[in-house]
Amino acid sequence: MNEYEIEHAIEGHLRKLGRRSLLRGSGLGLATIALARLARAADGDRLLGLHHTPRARRVVHLFQSGGPSQLDLFDYKPLLQERNGEELPDSVRRGQRLTGMSGNQATLPLAGAQFQFARYGQTQAWVSELLPHTAAIVDDLCIVRTMVTDAINHDPAATFLLSGSTIAGRPSMGAWLSYGLGSLNADLPEFCVLVSKDKGGQPLYKRLWGSGFLSARHQGVQLRAGADPVLFLNDPAGLDRATRRRMLDALKTMHEEDAAGSRDRAPLDRIAQAELAFRMQASVPEVADLSDEPDETFELYGADARKPGTYAANCVLARRLLERDVRFVQLFHQGWDQHGSLPSAIRRQCAETDRASAALVTDLKRRGLLADTLVVWGGEFGRTCYSQGKLTSTNYGRDHHPRCFTVWMAGGGVRPGTIHGTTDEFGYNIVADPVHVHDLQATILHLLGIDHERLVHKYQGRRFRLTDVHGTVVRGVLA
């Protein structure tokens, strides 16, 4: 029984007592509450044990910022090609809202994908010619074609996917996992973030990997390309390690005195952060240095893997972090917001990401890590089956589409070689097996041994969770 369950049971019992009974038993009640508080403090604000046997120990989330077009990559719709240029039928749209970018268009012409599709693997999954490396590992993947989200614009949609709320300020998924599960490696952060360098597109805010109302110790730590992978980690010139150690010891004494007799955990969290930073001064340079990787690694991930800060190099770094048991690694790759010039833009995006994404799955598998590492690939929403702007024989764009989009998962207890869900023949609505964002989050937590309804944090009088008051584990994707 965790701290939340203990408090809930106590509160229910107290409500049943009269005033005199309450006063007679208050000593025991208060003692029990105190024990619950002490248990929580001793456990560092974390779950007191997993809810069930986990299938995954760690997660890597390959977030494709901007919304990749499922219709040009995974959800093959030959009818769109047959009816290219025709108006989107009212019976398909059903009066559903559009963004302001295409909602005022005089026409909404259907736009068939200008790329070839083929079936791959024993799964016989349709995959676009743009993703040859992903196609080669399709039997390791669980492809979910029927994701649905509540938001139609980028910032709320990304915030929703990554924190469970369209409103900024909630803890990110990685922060929830850090809060709930703790660390597997005391010398590295529990939650690491890697952002592809030199990429334009929708802005990324640090709050997307922030801790919200949880302790700052749970926020993501961004690793960058260059001499200083983590900003402000190195000691200034003239300060040796022994001196830094003495400073931290003195600081620890001060914070412990500050925390004594107080329920405020902030001083203790500051100690923990400072001690972790001290250990990271040795661990981060080692893990971020790819020079000890064999040529075979760069042949697998592609030439870009030799260029620090690229998506491919970040995939290699992600593997290094995962094999050192970092709990949650999140990669961000911008540029998928293709309202116009989609054929050329999406080809470039796939060239930057396809090989490395597939290589990461292959690399984890051959090292024996895929079985207990969950890999998740996808963006914040999908794209429309009609063209935003002018449709020509060689060019089109696609607007935001929250009603159905595709993600894929691999390893970590998901069923390989699976295609989950069906969209209609226009790729506009879901026909069978929808998966809401909260369902995906609930499923990720489930694979890590967590009941999403029981991973809670009380804040300002309310108990919050990643999945808010929704979410159902998607049993059909579980191995």
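The values are calculated or read from the model by the stated rules, or taken from the named source; none is laboratory data. Computed from a prediction, not measured in an experiment: that's the story for all the values here. Virtual Cβ from ideal backbone geometry, glycine too; neighbours counted across all protein chains shown.
Summary table below
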{"read-out": "Residues of segment 440-473 that turn out to be touching a Leu at 6+ places or on another chain (Cβ under 8 Å), aliphatic (A, V, I, L, M) and in a loop (DSSP other than H, G, I, E, B), as a count", "value": "4"}
{"read-out": "Count of segment 126-139 residues which are buried (at least 23 other Cβ atoms within 10 Å of the Cβ) and either among the acidic types (Asp, Glu) or under 13 Å from Ala410 (Cβ atoms) (or both)", "value": "2"}
{"read-out": "Criterion violated by Gly427 - all others in (1) within 24 Å of Thr134 (Cα to Cα); (2) in a helix (DSSP H, G or I) satisfied", "value": "(2)"}
{"read-out": "Of residues in segment 140-199 being of a type in the set (Val, Ile, Thr) and without any contact (Cβ under 8 Å) to a residue 24 or more places away in the chain, the one surrounded by the fewest Cβ atoms within 10 Å (Cβ to Cβ)", "value": "Ile167"}
{"read-out": "Test: residue in segment 229-239 that is in contact (Cβ under 8 Å) with a residue 40 or more places away in the chain and small (Gly, Ala, Ser)", "value": "no"}
{"read-out": "Restricting segment 307-333 to residues that are in contact (Cβ under 8 Å) with a residue 12 or more places away in the chain and basic (Lys, Arg), the residue that is surrounded by the most Cβ atoms within 10 Å (Cβ to Cβ)", "value": "Arg327"}
{"read-out": "Test set (1) crowded, with 18+ Cβ neighbours inside 10 Å; (2) more than 30 Å from Arg320 (Cβ to Cβ) - Lys390 fails condition number", "value": "(1)"}
{"read-out": "Failed item, numbered, when Ser102 is tested on (1) over 30 Å from Gly412 (Cα atoms); (2) without any contact (Cβ under 8 Å) to a residue 60 or more places away in the chain; (3) not hydrophobic (A, V, I, L, M, F, W, C)", "value": "(2)"}
{"read-out": "Subset of segment 360-381 that is of a type in the set (Gly, Ala, Ser) and touching a residue at least 40 places away in the same chain (Cβ under 8 Å) - its residue that is farthest from Ser65 (Cα to Cα)", "value": "Ala371"}
{"read-out": "Qualifying residue in segment 108-118 (condition: within 30 Å of Ala371 (Cβ to Cβ) and surrounded by fewer than 18 Cβ atoms within 10 Å (Cβ to Cβ))", "value": "yes"}
{"read-out": "Among (1) on the phi > 0 side of the Ramachandran plot; (2) more than 28 Å from the chain's Cα centre (by Cα); (3) of a type outside the set (Val, Ile, Thr) - the single one Gly212 does not satisfy", "value": "(2)"}
{"read-out": "Residue check, Ala345 over 30 Å from Gly112 (Cα atoms) and either in contact with a Ser or Thr (Cβ under 6 Å, 6 or more places away or on another chain) or outside any loop (DSSP other than H, G, I, E, B) (or both)", "value": "no"}
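So that you can scan it fast, the table gives a plain yes or no per residue for (1) in a helix (DSSP H, G or I); (2) in contact with a Ser or Thr (Cβ under 8 Å, 6 or more places away or on another chain); (3) at pLDDT 95 or above:
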site: Phe160; (1), (2), (3): yes, yes, yes
site: Gly174; (1), (2), (3): yes, no, yes
site: Leu177; (1), (2), (3): yes, no, yes
site: Ser183; (1), (2), (3): no, no, no
site: Lys197; (1), (2), (3): no, yes, yes
site: Arg217; (1), (2), (3): yes, yes, no
site: Gln222; (1), (2), (3): no, no, yes
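So that you can scan it fast, the table gives a plain yes or no per residue for (1) among the hydrophobic types (A, V, I, L, M, F, W, C); (2) without any contact (Cβ under 8 Å) to a residue 60 or more places away in the chain; (3) in contact with a helix residue (DSSP H, G or I) (Cβ under 8 Å, 6 or more places away or on another chain):
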{"residue": "Gly421", "(1), (2), (3)": "no, no, no"}
{"residue": "Gly427", "(1), (2), (3)": "no, no, yes"}
{"residue": "His438", "(1), (2), (3)": "no, no, no"}
{"residue": "Leu455", "(1), (2), (3)": "yes, no, yes"}
{"residue": "Leu466", "(1), (2), (3)": "yes, no, yes"}
{"residue": "Val477", "(1), (2), (3)": "yes, no, yes"}
